[in-house]
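A.B. asks: One structure, pasted below without further comment.
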Amino acid sequence: MPVPKNQAAWLVKASSPLELGDAPFPTAGSGELVIRNAAIAINPLDCHMQDSGVFVQQWPAIFGCDIAGEVYEVGKDVERFKGGDRVIGHAINLTSGRPQDGAFALYTVIPADKAAILPDEISFTDGVVVPFALEAAVCTLSLEEPGVAMPGVATPALGLPYPSLHDVPSSGKTLIVYGGSSSVGSMTIQIATAAGIHVIAISGAHNFDFSKRCGAAQVFDHKDTSLAAKVIEAVLEKGNEFIGIFDAIATPETYANDITILEQLEGGHLACVHPPPPTTDLPANVNAGMIFAVNDAVTPVWKDYVTPALQSGKLQCLPPPFIVGKGLEHIQSALEKSKAGISATKLVVEL
Ligand SMILES: NC(=O)c1ccc[n+]([C@@H]2O[C@H](COP(=O)([O-])OP(=O)(O)OC[C@H]3O[C@@H](n4cnc5c(N)ncnc54)[C@H](OP(=O)(O)O)[C@@H]3O)[C@@H](O)[C@H]2O)c1
């Protein structure tokens with residue numbers, strides 16, 4: 001069979017628009033899959049990579065983390081997949097640096113351990129909202145030991161159980177998710193509630209219903225001037241063990257509220273999506289860290305949870321996709337839309 005042609009949206013240098021061009025046809029190494037992409041999604045990380053070249057290890061670069069499509073080739077020692085399977089997966093150019101591991105191409109290599117079968121009744125454009133956010137959510141909640149997110153910054157180690165396919169009894173623990181309508185925040189609500197955690201979310205007032213649909217028990221408006229006091233009251237009223245805060249926004253404004261809340265609730269974890277505030281600003285009883293959303297600890301969730309949970313509706317493809325267009329040429333405008341800001345949606349390009 002003739003090898004099909006691969007094409008990609010290349011980043012040739014930082015701060016330049018992506019350029020469409022031919023790309024080498026990838027092959028699957030041991031433990032890997034080659035996917036013929038049907039849809040890719042945009043993440044804020046992609047915008048940072050394009051703007052500053054941060055994390056790019058090899059120029060020109062192909063980056064992007066979220067793919068949905070069909071298995072084209074199965075590498076050695078892969079047993080869970082066969083050619084033609086519909087899958088979603090997490091592309092890891094972020095850590096490998098290899099262009100063939102970037103999502104913004106017609107064909108991408110992914111580790112089989114970061115893929116799951118997509119049930120037939122779920123479209124590629126819905127399913128593609130899941131992978132990177134899922135990896136981030138599990139890295140936030142379930143690491144047992146702190147690792148290294150970047151030099152001098154530890155990853156959080158909340159040590160919470162993996163999500164369950166069954167209805168689990170309440171764990172008696174409360175977690176605050178700051179940014180409960182963001183992609184990573186809303187997925188963390190879904191995964192935490194599937195592990196029996198009581199979640200209090202902080203979102204825009206127009207997204208209260210959305211955060212509740214993901215599983216939040218209560219939601220507070222991030223623009224409310226009494227936000228910290230209201231959240232503290234809600235945590236105390238519930239009376240659970242307080243785990244801490246996952247801050248999926250991580251700006252000086254959110255950090256100020258995080259510190260007020262943690263001070264009054266006698267400390268806990270502060271898991272952030274960017275480096276946490278310097279330790280001099282933090283109460284002594286706060287364990288602060290930055291998540292790094294590529295970790296083998298997520299493998300059991302990819303293997304045992306994602307497909308049946310999607311099938312049963314326990315894992316929902318949220319936030320819903322906004323389809324920017326069809327074809328690699330639409331990735332650049334999707335990146336620009338992402339930079340302009342989005343609310344409770346994931347930007348998706350069909351291929
Ligand atoms: N370290 C890592 O490994 C890692 C992994 C993944 C993502 N990230 C980072 O995590 C961040 C979130 O990524 P994402 O893809 O989830 O973003 P996103 O979906 O693009 O975030 C958009 C959402 O942010 C919410 N938001 C903005 N300001 C807020 C505030 N002050 N309080 C509460 N919510 C606020 C908006 O809520 P409303 O519309 O409701 O106002 C909106 O729904 C990005 O900075 C990304 O780079 C880091």
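The values are calculated or read from the model by the stated rules, or taken from the named source; none is laboratory data. Please read all numbers here as calculations on a predicted model, not as lab measurements. No Cβ is skipped: glycine too gets one built from the backbone with ideal geometry, and neighbour counts run over all protein chains shown.
A.B. asks: Of a type outside the set (D, E, K, R), assigned by TED's automatic domain parsing to the domain that holds Leu328, in contact with a helix residue (DSSP H, G or I) (Cβ under 8 Å, 6 or more places away or on another chain) and assigned to a loop (DSSP other than H, G, I, E, B), is that true of Gln58?
C.D. replies: So Gln58 fits the description; yes.
A.B. asks: If the Cβ limit is 6 Å and pairs must be 6+ apart or interchain, which residue in segment 183-211 that is farther than 12 Å from Leu141 by Cα pairs with which residue that is within 14 Å of the ligand (Cβ to nearest atom) and aromatic (Phe, Trp, Tyr)?
C.D. replies: Ile202/Tyr178; Ile202/Phe220
A.B. asks: Within segment 12-50, how many residues turn out to be touching a helix residue (DSSP H, G or I) at 6+ places or on another chain (Cβ under 8 Å) and of a type in the set (Asp, Glu)?
C.D. replies: The qualifying residues number 2.
A.B. asks: From the list Glu253, Glu237, Glu266, which one is modelled with pLDDT under 95 and farther than 22 Å from Asn295 by Cβ?
C.D. replies: Answer to the check: Glu266.
A.B. asks: Between Ile110, Ile191, which is among the hydrophobic types (A, V, I, L, M, F, W, C) and either part of a strand (DSSP E or B) or outside the structural domain of Leu262 (by TED's automatic domain parsing) (or both)?
C.D. replies: Exactly one residue qualifies, and that residue is Ile110.
A.B. asks: Considering only segment 232-256, state which residues are farther than 27 Å from Lys314 by Cβ, out of contact with any Leu (no Cβ under 9 Å at 6 or more places or on another chain) and outside any loop (DSSP other than H, G, I, E, B).
C.D. replies: Those that are farther than 27 Å from Lys314 by Cβ, out of contact with any Leu (no Cβ under 9 Å at 6 or more places or on another chain) and outside any loop (DSSP other than H, G, I, E, B): Glu233, Glu237, Pro252, Glu253, Thr254, Ala256.
A.B. asks: Another question, if that's okay. Criterion first (within 12 Å of the ligand (Cβ to nearest atom), surrounded by 17 or more Cβ atoms within 10 Å (Cβ to Cβ), assigned to a strand (DSSP E or B) and of a type in the set (A, V, I, L, M)) does Ala201 satisfy it?
C.D. replies: Criteria met by Ala201.
A.B. asks: Give the residues of segment 135-169 that are within 13 Å of the ligand (Cβ to nearest atom) and hydroxyl-bearing (Ser, Thr, Tyr), sorted by residue number.
C.D. replies: Across segment 135-169, the qualifying residues are Thr140, Thr155.
A.B. asks: Still on this structure, I have one more. For Pro283, indicate whether it is more than 13 Å from the ligand (Cβ to nearest atom), part of a helix (DSSP H, G or I) and either among the charged types (D, E, K, R) or out of contact with any strand residue (DSSP E or B) (no Cβ under 7 Å at 6 or more places or on another chain) (or both).
C.D. replies: No: the conditions fail for Pro283.
A.B. asks: Let me ask something additional. Given (1) more than 15 Å from Thr188 (Cβ to Cβ); (2) within 16 Å of the ligand (Cβ to nearest atom); (3) outside any loop (DSSP other than H, G, I, E, B); (4) under 17 Å from the mean Cα position of the chain (by Cα), where does Ile259 come up short, assuming only one miss?
C.D. replies: Every condition holds for Ile259 apart from (4).
A.B. asks: Have a look at Thr193, Thr174 and point out the one that is in contact with a helix residue (DSSP H, G or I) (Cβ under 7 Å, 6 or more places away or on another chain), more than 13 Å from the ligand (Cβ to nearest atom) and among the polar types (S, T, N, Q).
C.D. replies: Among Thr193, Thr174, only Thr174 is in contact with a helix residue (DSSP H, G or I) (Cβ under 7 Å, 6 or more places away or on another chain), more than 13 Å from the ligand (Cβ to nearest atom) and among the polar types (S, T, N, Q).
A.B. asks: Give me a count of the residues in segment 332-351 that are under 17 Å from Ile67 (Cβ atoms) and within 16 Å of the ligand (Cβ to nearest atom).
C.D. replies: Adding up the residues that qualify gives 7.
Results for (1) surrounded by fewer than 22 Cβ atoms within 10 Å (Cβ to Cβ); (2) in contact with a His (Cβ under 6 Å, 6 or more places away or on another chain); (3) in contact (Cβ under 8 Å) with a residue 40 or more places away in the chain, shown as yes or no for each residue.
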{"position": "Pro17", "(1), (2), (3)": "yes, no, yes"}
{"position": "Ile35", "(1), (2), (3)": "no, no, yes"}
{"position": "Pro44", "(1), (2), (3)": "yes, no, yes"}
{"position": "Gly53", "(1), (2), (3)": "yes, no, yes"}
{"position": "Lys76", "(1), (2), (3)": "yes, no, yes"}
{"position": "Gly83", "(1), (2), (3)": "yes, no, no"}
{"position": "Gln100", "(1), (2), (3)": "no, no, yes"}
{"position": "Val109", "(1), (2), (3)": "no, no, yes"}
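A.B. asks: With respect to the numbered conditions (1) touching a Phe, Trp or Tyr at 6+ places or on another chain (Cβ under 7 Å); (2) more than 10 Å from the ligand (Cβ to nearest atom), which one is the sole condition not fulfilled by Ser312?
C.D. replies: It is condition (1) that Ser312 fails.
This table checks each residue for (1) closer than 17 Å to Leu262 by Cβ; (2) surrounded by fewer than 24 Cβ atoms within 10 Å (Cβ to Cβ); (3) over 13 Å from the mean Cα position of the chain (by Cα).
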residue	(1), (2), (3)
Ala154	yes, yes, yes
Pro163	no, no, yes
Ser171	no, yes, yes
Thr193	no, yes, yes
